[in-house]
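Below: one structure, written as structure tokens.
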Amino acid sequence: MAALPIPDAATAKEWWTSMLLIRHFEERSSELYASGAVAGFLHGARGEEAVVVGAARALRPGDAVLTTFRAHAWALARGTDPARVFAELLGKPSGVSGGAGGSTHVVDPDRGLYGGFGIPAGHAPLSAGVALSFAAQSYEGVALCQLTLGATAEGVFAETLALAATWSLPVVFLVTHDLAWDGPEPSVTDLFQRSSASGVAGLKCSGVDPVEVRASVAEAARRARDERRPTLVEAVVRRAGDGAVDPVAAFGERLVAEGVLSEDEREAIGAGIRDRLVVAVAAAEAEAAVEVAT
């Protein structure tokens, strides 16, 4: 199938810049984690940048996002200041969760990020609750629940799908299907087909193309807003091993090939992001850590 056309030049550049910001942020975060400066856990979203940015650009400012333990990527895609996210990872008071949550539990309700959750599918019913709240208030908001493939095997996920269909909730279930995942495969690997058993329609897209992800999530969000119908969107990626695709590099190369981005611009954008992150890390490191009661 032919690739969907990219948006206008300014929009396409902004999407790629956001994807590159997530990538460079994680590279610097990994260095801090290796040095012991980041406590707790740090789960990377490398290979999922197109899913995060494509979906984020399909949402409105007032929509809600509830996601997995890779919440920092969503915070950056929704516009949270990287300095505040670094501060969160480093346990500083200016962090988005007051330095108490770390990477797994980044929360920024001002930008519609209702948090990251470490329990597989544990946030699925919470997403339905947010959607129910929107519906009860006659508010045209959408709750997006992003999950991994493994989370779809949890009973609470199936129960939430059925509940969302029964109550006609404005919720979008975005499942990142990593083909490199080494866990047991479900009997029906096409998740977008499995959801139909619960009365939830499904869509499938390439998770390495932000244009395709944006189109699928935008259609799911339209159904939620206009028709009060939940939808499951399956975004397929391969994050590691043979056949792995780097979505940041692939989209950047496409923009260069189509004349949207020059090689010089690509280098300049990358250098600007790295400089910005140097300043952000320095500001976070200079701040006193959160005091822990004993």
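Derived from the Cα gyration tensor, the three semi-axes of the equivalent ellipsoid of region 11-111 are 21, 15, 11 Å, largest first.
Counting only protein heavy atoms and a probe of 1.4 Å, the accessible surface of the chain is 55% carbon and sulfur. Packing, as the average of other Cβ atoms within 10 Å across residues, places the peptides 120-130, 4-14, 167-177, 66-76 in the order 66-76, 167-177, 120-130, 4-14, highest first. On the principal axes of its alpha carbon atoms, region 94-222 extends 45, 37, 32 Å, with the longest extent given first. The listed peptides 19-30, 268-279, ordered by packing as a protection proxy, come out as 19-30, 268-279 (highest mean of other Cβ atoms within 10 Å first).
Structural descriptor for the chain: relative contact order 23 percent, calculated from alpha carbon pairs under 8 angstrom and at least 6 residues apart. The magnitude of the dipole of the chain, with charges of +1 and -1 set on the Cβ of Lys/Arg and Asp/Glu and taken from the Cα centre, is near 660 debye.
Which percent of the Cα-Cα distances in the chain go past 24 Å? For the chain, the share of Cα pairs beyond 24 Å comes to 50 percent. When the Cα atoms of region 249-294 are aligned to their principal axes, the ranges along those axes come out at 58, 18, 11 Å in descending order. Ignoring ligands, DNA and RNA, what accessible area per residue does region 124-245 give at 1.4 Å, in Å²? In whole numbers, region 124-245 has 41 Å² accessible per residue.
For the pair Arg225 and Ala268, label points projected 7 Å from Cα toward Cβ lie 3.4 nm apart.
Give the relative contact order (percent, whole number) for region 121-246; include only Cα pairs under 8 Å separated by 6+ residues.
Computed over region 121-246, the figure is 28 percent.
In this structure region 54-114 gives 29 Å² per residue of accessible area when probed at 1.4 Å with all protein chains present.
The values are calculated or read from the model by the stated rules, or taken from the named source; none is laboratory data. Remember, it's a predicted structure, so these values are computed and weren't measured experimentally. Heads up, the Cβs are rebuilt from the backbone with ideal geometry, glycines too, and the neighbour counts pull from every protein chain shown. When the accessible area is computed, the model is the full protein with side chains, heavy atoms only, and any ligands, DNA or RNA have been set aside. Shrake-Rupley method; radii C 1.70, N 1.55, O 1.52, S 1.80 Å.
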